[in-house]
Amino acid sequence: MKILVLNCGSSSVKYQLFDMTDESVLAKGIVERVGMTDAILTHRPTGKEKYCHVEPILEHTSAIKVVTNILVHPEHGVIQDVKEIDAVGHRVVHGGEKFSQSTLITQEVKNVLTEYIELAPLHNPPNLKGIAAAESVLPDVPQVGVFDTAFHSTIPRYAYLYALPYTLYQRYRIRRYGFHGTSHKFVARRVAQLMQKEFSALKIITCHLGNGASITAVDRGKSVETSMGFTPLEGLIMGTRAGDIDPAIIPYVMAKEELSLGEVDAMLNKHSGILGVSGIGSDMRDIEKAAEEGHERAQLALEMYRYRIRKYIGAYIAAMNGVDAIVFTAGIGENDPVSRAIIGKQLSFFGVEIDEERNNCRGVEREITTPTSKVKLWVIPTNEELMIARDTMEILMAKE
Ligand code: AMP
């Protein structure tokens, strides 16, 4: 069975084609600058040369046509015919309260996702465009939606509600939804497998630390708490997002700086976090380099960033009344041994013993604590695309 996984953004389409007989990647790539006359296709077929091409690609349907054309290309392709694609799995950011699981896309599903545009104005519209485009290019192929929010649908009500007037939840569904669910689910399942324990027997904290970042408490197979909330702004300090702040700062700053709602929104999402504190950038590599060279605000940004993660880990240990494993994943989680070591060392009260030598790794699957460590720390590279492909296959099998 061959499954095409699509992640459609406003100006990009990322794709991976999987052969699910052995879960191997046949090809992957990205179309960038969709909407422009100089859009770029970067195509990486497994076992063949990388191929890049620039051409006008003005909307998502053309972008997906470009993807299917290159997949069957005599020289750069990996399949003979698009008919070999059995299903398409779409990453969809917001599944709201309706979708607690991945689902076959029908007109009804699209109607609900259209309603959820209000909840995810930046993400759901391009996701929907991607679905419509894939339907028109591959009309007879089943399309499956895999939602970033779905894994968090098991969070109990006392944890997902905000202590606001209850009518706001009733009227507008204002609550914690959580994001990065596909990644949290993938690494949580994987750590159980690597520890040779039942997923349903473990208490796991998963730290997805990329440019966007979130932490999830997974109690015996279920997400019970996560740091991102109604939007991806809440929780950890991120590349350019503030994470948790006192909400009363907003009207105060708006008055003092004469900011509009749009401006304050941009401040919190685009000019805060590591960038806002350090004043030099949002990329962790630049910040660590500057900190090493003595840049004081880069050092402060790092200290704040790591402290926030530790604080959340402590809270989630309390939320689950224990923890067996803590997993680090995504760009920073997978590649930054210094942050992992600093966070790990300050969790010694809980019985964490970091093994410096084992921790000195990047982008590999590895336990990074000593054999005597009560709580196990792991690095596990995330693979959201494979998780989407697996869910898509499962739905297809159930349909047949
Ligand atoms: P992601 O959003 O998962 O792609 O992660 C992006 C973040 O990972 C950026 O802040 C990068 O600086 C960070 N990152 C990638 N490689 C490294 C590395 N070797 N050391 C520290 N941070 C890294």
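The values are calculated or read from the model by the stated rules, or taken from the named source; none is laboratory data. Remember, it's a predicted structure, so these values are computed and weren't measured experimentally. In this analysis, Cβ positions are derived from the backbone assuming ideal geometry, glycine residues included, and neighbour counts consider all displayed protein chains. To get the accessible areas, we keep the full protein, side chains included, count just its heavy atoms, and leave off ligands, DNA and RNA. Shrake-Rupley method; radii C 1.70, N 1.55, O 1.52, S 1.80 Å.
Per residue, the Cα convex hull of region 109-189 amounts to 118 Å³. The overall shape of region 319-400 is prolate: from the C-alpha gyration tensor, with semi-axes ordered a ≥ b ≥ c, the ratio a/c is 1.5 or greater and a/b exceeds b/c.
Expressed as a whole number of Å, what is the distance separating the alpha-carbon centroids of region 120-174 and region 15-82? Their Cα centres are 27 Å away from one another. What a 1.4 Å probe finds exposed on the chain is 51% carbon and sulfur by accessible area, rounded to a whole percent.
Each label was represented as a point 7 Å from its Cα along the Cα-to-Cβ direction; for HIS271 and LEU161 these points are 3.7 nm apart. Cross-link pairs exceeding 28 Å between alpha carbons, from the set LYS48/LYS110; LYS222/LYS374; LYS129/LYS203: LYS48/LYS110; LYS129/LYS203.
In terms of its C-alpha gyration tensor, region 113-155 comes out oblate, because a/c is 1.5 or above while a/b does not outweigh b/c.
Less than 5 angstrom separates the built amide H of TRP378 from those of ILE326, VAL327, PHE328, ILE368, all sequence-distant by 5 or more or on a different chain. Using the Karplus relation 6.51 cos²θ - 1.76 cosθ + 1.60 with θ = phi - 60°, the per-residue 3J(HN,Hα) values for region 353-360 come to 10, 6, 9, 3, 5, 5, 6, 7 Hz, with x marking Gly and Pro.
With distances taken between every two different alpha-carbon atoms, region 231-279 has a Kirkwood hydrodynamic radius of 10.8 Å. Annotation: extensible slack from ARG173 through SER260 equals 28.9 nm (criterion: 0.36 nm per residue apart, minus Cα-Cα distance). Assuming a ≥ b ≥ c are the square roots of the Cα gyration tensor eigenvalues, decide whether region 84-219 counts as rounded (a/c under 1.5), prolate (otherwise, with a/b larger than b/c) or oblate. It comes out oblate by the Cα gyration axes. The convex hull built on the alpha-carbon positions of region 1-118 has an orientation-averaged projected area of 8.1 nm².
Translational D (Stokes-Einstein, µm²/s) of region 246-400 at 4 °C and 1.567 mPa s when Rh comes from the Kirkwood sum over C-alpha pairs? Reported coefficient: 71 µm²/s. Distance between the C-alpha centres of region 291-356 and region 201-280: 17 Å, rounded to the whole angstrom. In order along region 256-269, phi translates into HN-Hα couplings of 5, 9, 6, 9, 7, 4, x, 5, 6, 4, 5, 4, 6, 8 Hz, rounded to whole numbers, per the Karplus curve 6.51 cos²θ - 1.76 cosθ + 1.60 with θ = phi - 60° and x for Gly and Pro. Considering all C-alpha pairs of region 49-97, those separated by over 15 Å amount to 59%. In the chain, the longest principal axis of the Cα atoms and the axis of helix 60-71 are about 70 degrees apart.
Please state, to two decimals, what the Cα-based radius of gyration of the chain comes to when divided by 2.2 N^0.38 Å (N = residues). Don't skip to the answer; put the middle values down first.
Details: Rg = 21.6 Å, N = 400, 2.2 N^0.38 = 21.4 Å.
Cα Rg divided by the expected 2.2 N^0.38 Å: 1.01.
For region 187-192, putting each phi into the Karplus relation 6.51 cos²θ - 1.76 cosθ + 1.60 with θ = phi - 60° gives couplings of 6, 5, 5, 5, 5, 4 Hz, in residue order, rounded to whole numbers and with x for Gly and Pro.
Calculated accessible area for the chain comes out at 48 Å² per residue, all protein chains present (probe 1.4 Å; ligands, DNA, RNA ignored). Scaling the Cα radius of gyration of region 149-206 by the globular reference 2.2 N^0.38 Å produces a ratio of 1.43.
Per residue, the chain reaches -11500 deg cm²/dmol at 222 nm when only DSSP H runs of four or more residues are counted, each adding -39500 (n - 2.57). Considering only the Cα atoms of region 266-308, their convex hull presents on average a projected area of 2.7 nm². Between GLN107 and LYS222, the contour length at 0.36 nm per residue exceeds the alpha carbon distance by 38.5 nm. Kirkwood analysis of the Cα pair distances in region 9-54 returns a hydrodynamic radius of 11.4 Å.
Scaling against 2.2 N^0.38 Å puts the C-alpha radius of gyration of region 166-259 at 1.35.
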